[in-house]
Amino acid sequence: MNIYYIDGQFVEDHQAKIPVEDLSVLRGYGVFDFLRTYNGVPFHLDDHLLRLQRSARLIGLQLTHTPAALTEIVRETLARNTHLESNIRIVVTGGMSQDGITPGDSPRLMVMIGPVKPMPEEWYTDGAKVITCHVDRFMPGAKSINYIPAILCQAEARSHQAIEAVYVDRDGYLLEGTTSNLVALRGDTLITPPCNRILPGITRQVVLQLARQEFEVEERQLHKDEIRLLDEAFLTSSVKEVAPVVTIDSMSIGGGEPGSRTLRVMELFREYTAAYRD
Ligand code: PLP
């Protein structure tokens, strides 16, 4: 059983509810952020809260909680749960609206905690397949609750035995996965699409910072035609952490197995998270 914070109350997960008139239900209007703990400590909570604030600003949603208040609520909710390591989903919905479309001044805050579930081991040992999907992103920098393209592309990925779909824009540039960022390697250079085209992942940010000690990093556009020239690739996300990619569509990357540089980045990230404390 999980304890959630729903609009001012701590409740058991099966009792959590919000009114059906909330703008999130009526119009899909709301934002969220998602993170996990390492050693019981919320990973880069400040960065996730900054991103939540930016998401809200981008969609014109007025947050009523300060970052300090949000931090306190997250900590309090975590303390009421007993998982070894937790996933933390912070959702802010549009709340009630007079006319069903104009946001009011009382957004709803929810903090939902659950246990971290391990991803399949073979993703990390053998590497994973991803596919590409044509999607023109709407406000990629806002982590809005509308994940319709992601749900459609994920279904497409699954039908190809792929773990993720990477969005490609109308000019053929690779952007990011449905719930992850893409990093490619040519030689010792990490290449990843720039922040203004994607949701800037917190894992991506941490990974790039760690990798800069040993690798060159280029934040630049990456065209689909460049896939065949790549030596290695990997995905980053709070859930997948650093996951090697060995196939993109039908193209094999790096001989079809996780490359040595990707393995090194995975190691750097693991060391960092293992040592993560408040
Ligand atoms: N890009 C998108 C569209 C996402 O939804 C996510 C996470 O869900 C990410 C990237 C990765 O972000 P993070 O590393 O902060 O989990």
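The values are calculated or read from the model by the stated rules, or taken from the named source; none is laboratory data. Every value quoted in this text rests on a predicted model; they were computed, and no experiment measured them. Neighbour counts are summed over all protein chains in view; Cβ atoms, including those assigned to glycine, are modelled from backbone coordinates with ideal geometry. Ligands, DNA and RNA are stripped out before the accessible areas are found, and what is left, the full protein with its side chains, is counted by its heavy atoms. Shrake-Rupley method; radii C 1.70, N 1.55, O 1.52, S 1.80 Å.
Miscellaneous remarks
- The charge dipole of the range 90-219, taken about its Cα centre with unit charges on the Cβ atoms of Lys, Arg (+1), Asp and Glu (-1) only, comes to about 300 debye.
- Cα→Cβ-extended label distance, 7 Å offset, between Gln213 and Val25, nm: 5.0
- q = 0.14, 0.17 Å⁻¹, the range 1-142: log10 I(q)/I(0) [Debye, one scatterer per Cα]: -0.76, -1.02
- Rounded to 5, the percent of DSSP beta bridges in the range 122-274 classed as antiparallel: 60
- By the beta carbon rule, with partners counted only under 4.7 Å, the chain holds these lone Cys residues: Cys195.
- The amide H of Glu85, built 1.01 Å from its N in the peptide plane, has Val116 as neighbours under 5 Å, considering only residues 5 or more places off or on other chains.
- Sites Arg228 and Asp105 - FRET efficiency at Förster radius 45 Å, r taken between beta-carbons, to 0.05: 0.30
- Helix content alone sets the calculated 222 nm mean residue ellipticity of the chain: runs of n ≥ 4 DSSP H residues at -39500 (n - 2.57) each, divided across all residues, give -8000 deg cm²/dmol.
- For the chain, the Cβ-based charge dipole about the Cα centre amounts to some 320 debye (Lys, Arg positive; Asp, Glu negative; other atoms uncharged).
- Within the shell defined by Cβ-Cβ distances under 10 Å, the residues around Pro149 carry a net charge of 0, with Lys and Arg each +1 and Asp and Glu each -1.
- Taken one residue at a time, the phi angles of the range 121-130 give Karplus couplings (6.51, -1.76, 1.60, θ = phi - 60°) of 4, 5, 4, 8, 8, 9, x, 10, 9, 10 Hz. Gly and Pro are set to x.
- Over all other residues within a Cβ to Cβ distance under 14 Å of Asn196, the charged ones net out to +2, with Lys and Arg as +1 and Asp and Glu as -1.
- Share of carbon and sulfur in the accessible heavy-atom surface of the chain [1.4 Å probe, %]: 51
- Once the 1.4 Å probe is applied to the protein heavy atoms, the chain comes out at 48 Å² accessible per residue.
- Remark: the range 102-107, residue by residue, has Karplus-estimated 3J(HN,Hα) of 8, x, x, 10, 9, x Hz, where x stands for each Gly or Pro and the curve is 6.51 cos²θ - 1.76 cosθ + 1.60 at θ = phi - 60°.
- Remark: the range 9-14, residue by residue, has Karplus-estimated 3J(HN,Hα) of 10, 8, 9, 5, 3, 6 Hz, where x stands for each Gly or Pro and the curve is 6.51 cos²θ - 1.76 cosθ + 1.60 at θ = phi - 60°.
- Gyration tensor verdict on the range 122-274 (Cα atoms; rounded if a/c is under 1.5, prolate if a/b is larger than b/c, oblate otherwise): rounded
- Simple spin-label estimate for Arg89 and Ile148 in nanometres, 7 Å along Cα-Cβ: 2.0
- Cα point-scatterer Debye curve for the range 67-191, base-10 log of I(q)/I(0) at q = 0.13, 0.14, 0.20 Å⁻¹: -0.82, -0.92, -1.21
- Neighbourhood charge, 13 Å Cβ-Cβ cut-off, centred on Met96 and excluding it, Lys, Arg +1 and Asp, Glu -1: -3
- Value of Rg to Rh for the chain, rounded to two decimals, is 0.98; Kirkwood radius and Rg both from alpha-carbon coordinates.
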